[in-house]
Amino acid sequence: MSINKFEAAADVVSRYLKLYPKNLTPDLFAVYLRTLMKTGRLDLARQFKTPLEKAPHKNRYAYDALIEYALLNQENEQALEYTNDAIKNHPKLVGFYLKKADQIIKLKKYKEAEALLTKAKELNFESNDLNRAKFMELKGLLLAFSGDVKNATIFFKKSLEIEDSYELRMRLADLASSEDPSNETDKLIAESKAIKLLMQAKDFFEKRNYELALSAAAKATDAMAGHIPSELFLAKVQLRLGLAKQALKTLEDLVARYPDDRSINIALLDAYIDTYKFNDAKKRIGIISGTDLKNSYEFASANGRLYIRMGDTLQAISWLRTSINMNPLNDTDIYLLAELIIKRANFDAARLLLNKCMELDPVNPDYRIAYAKVVYEQQDDLSAIGYLLGLLDEFGENPKVLSEIAVFYYRAGKVKDFQAYKEKLEKMPVKDKSLYEFLIKAAILDERFSEIPALVESLLAIEPGEIEAMMTAGRVLYEDGKLVEAASWFKRIQEKLETYPKVQYYRAKILFLSKDYDQALKEVEADLKANGDNDADLTLMAQIYMEKDELVKAENLFKQAQKINPKAFDTLVGLADISTKRNNFDLALDLYKKAMQQKNDEPIIHRKIGDVYRRLAQGALAVESYKMYLEMAPEAADKGQVEAYINLMQ
């Protein structure tokens, strides 16, 4: 409850009640009732309210839950009755005097409310800051109703300094202002209006109404200039909608105005990481390293996520462990660490981490799915399926869980079961992100590549910022030889996020295949500038220079690529091609064979090896390689020429 994981809290209590039904206490009833109210499960809450109400001896927590339940159901008279009963049975608990004062102020019983506040003050607020904040709020309301707005504002500000109360903010947001920006009351009202709009934006965001969330967030920033939480949330919505440039501008403008603000610095760093602007992220890290923020778990977490994006697993693991040591309740980072550990095949350690994640948030399906993958690695696919099937009682027809069951059935060769779950998912009334992600994955597994672009469009209709799915559509079309359609997808991605990995590479590759070498060179150079040296870009640049017959430049670039990835197929083939052009056939043959070890099923490598053997006058070996080539590519465009070589050598 204290870390706002209400679903998880409700799940923990529910499990406990199933295991120990005889260990029920009023305290437990009270906690469960509050968690159910927080998660909106009022029907179930009603079942637990009755036994709590009948308890002969109610403590403060029981009364708190009953009062909250009554107010939530607009049973105001019942709430007041519970409050009076609580004061009678617990006369030294200040909170109930304040609750009653709050209720009767709404009934305009101001004198009676004043007497209750006096009683709370006499009890010294139980030396509790939350009680003191509530007293200030209610005192401010009484002053406001008496016409003393100036002093009311002073009390409101003091209350909000102690606790930024959502309830008080909503009250202030509904007040009219005098349109005087220098007036302290107007400032408080403007800030409260911004917070109210921000809450609306967050509600829209959680319901995936991103356009409405964007509109509400923009209105929140207009309600009060410089309201940092609203500006930060606006940037978050912009990123979700795929408006990366706008989001970064929002955050960069903010950090220019408030260079020392912790939340802005972390948000900008996160945005650079999420938009693959690694150089900008490193610069921001350098700036933050000179501040106290460098000692925070948020800074360590951001570094961990940066190195995950950059593919540096060891650095990522180190930073994530630092983050978790600083904040052991941060299940998000524990999960990220578990995923990295799984990739390194340290499954026992991953189990421990995932168990911790599930303790902290037992209702998160991602943690259970990751655990199923560990079961698969340590046992087999059927064990993983069994584990996931066991979750259905708990999670119901959760699309993520059902999708993973279907995928495991496919891996196990149980095609009928896979199809059954696929049909079940397709018939689900609510179409969410995880459903379309599964349908895209299923289309790839079934090699129904032509369906993927339409599925991605359906996903984008509900999640406009899903650039990874757009990349999948472009890549599938590219590999299917539909270069014009692929180029269209890559252009859409580039318009949203030009630094997205490989998008400029694929655009350059298409231009290269279209023999537009100069434009291809510009694209690949832009990608290298944005994302730094990588073997794919360097190899493509080398291939371009080979076509331009600049072999020295090409060779140097291939060698740079080889230093980054010594086993890259295209790099090895490129160096072998240069050796062939220079009649250095022994070296060429050695390089081709190394390339073949990486991709033995690539037809062209057998053709190239055949060419080298032919030029070395080793006819039998050449014929063998050529026949393998034609067997693997029976419709090859150069089939006639290769057959002529075979006939000549035979």
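None of the figures in this text is laboratory data; all of them are computed from the coordinates on show. Treat the numbers as computed from the prediction; the structure is a model and nothing was measured. Don't worry about glycine lacking a Cβ; one is built from the backbone with ideal geometry, like all the others, and counts go over all protein chains shown.
Numerical summary
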quantity: Estimated inter-spin distance, residue 315 and residue 394, nm [label 7 Å along Cα→Cβ]; calculated: 3.7 nm
quantity: Entries of 502/553; 236/515; 294/356 with Cα pairs more than 30 Å apart; calculated: 236/515
quantity: Under 9 Å, Cβ to Cβ, from residue 501 - net charge with Lys/Arg +1 and Asp/Glu -1; calculated: +1
quantity: Overall form of segment 180-306 per C-alpha gyration tensor (a/c, 1.5; a/b vs b/c); calculated: oblate
quantity: Residue-averaged [θ]222 nm for the chain, counting only DSSP H segments that reach four residues, each worth -39500 (n - 2.57); calculated: -24000 deg cm²/dmol
quantity: Calculated log₁₀ intensity ratio I(q)/I(0) where the Debye formula runs over C-alpha points of the chain, q = 0.07, 0.12 Å⁻¹; calculated: -0.65, -1.50
quantity: Counted charge near residue 436, where neighbours are those whose Cβ lies closer than 11 Å (Asp, Glu -1; Lys, Arg +1); calculated: -3
quantity: Cα long-axis angle, helix 297-310 against the chain (0 to 90 degrees, to the nearest 10); calculated: 20 degrees
quantity: Pair residue 218, residue 417: separation of 7 Å Cα→Cβ label points (nm); calculated: 5.0 nm
quantity: Per-pair calculated FRET efficiency, R0 = 22 Å: residue 563 and residue 593 via Cβ, rounded to 0.05; calculated: 0.60
quantity: Global geometry of segment 567-650, whether rounded, prolate or oblate, following the gyration tensor of its Cα atoms and the 1.5 cut on a/c; calculated: oblate
quantity: Eligible aspartates and glutamates near residue 121 by straight Cα distance, threshold 19 Å, same-chain separation 8 or greater; calculated: 102, 112, 129, 137, 161, 163
quantity: With Cα atoms, 0 to 90° folded angle of helix 76-89 axis to the chain main axis; calculated: 70 degrees
quantity: FRET efficiency, residue 432 to residue 382 (Cβ-Cβ, R0 30 Å, nearest 0.05); calculated: 0.60
quantity: Fully extended contour minus Cα-Cα distance, from residue 479 to residue 161, at 0.36 nm per residue; calculated: 108.6 nm
quantity: Cα convex hull of segment 425-468, projected area averaged across orientations, nm²; calculated: 3.0 nm²
quantity: Radius, Kirkwood style, for segment 313-360 when every pair of distinct Cα atoms is counted (Å); calculated: 10.4 Å
quantity: Range of Cα positions in segment 375-511 per principal axis (Å), largest first; calculated: 49, 28, 25
quantity: Of 559/581; 111/134; 599/627; 249/509; 58/109; 99/119, pairs whose Cα-Cα distance is over 20 Å; calculated: 249/509; 58/109
quantity: Kirkwood Rh, Cα atoms: Rg over Rh of segment 539-613; calculated: 0.94
quantity: Between 0 and 90°, nearest 10: helix 517-531 axis offset from the chain longest Cα axis; calculated: 40 degrees
quantity: Dipole magnitude of the chain about its Cα centre (Cβ charges: Lys, Arg +1; Asp, Glu -1), debye to nearest 20; calculated: 1100 debye
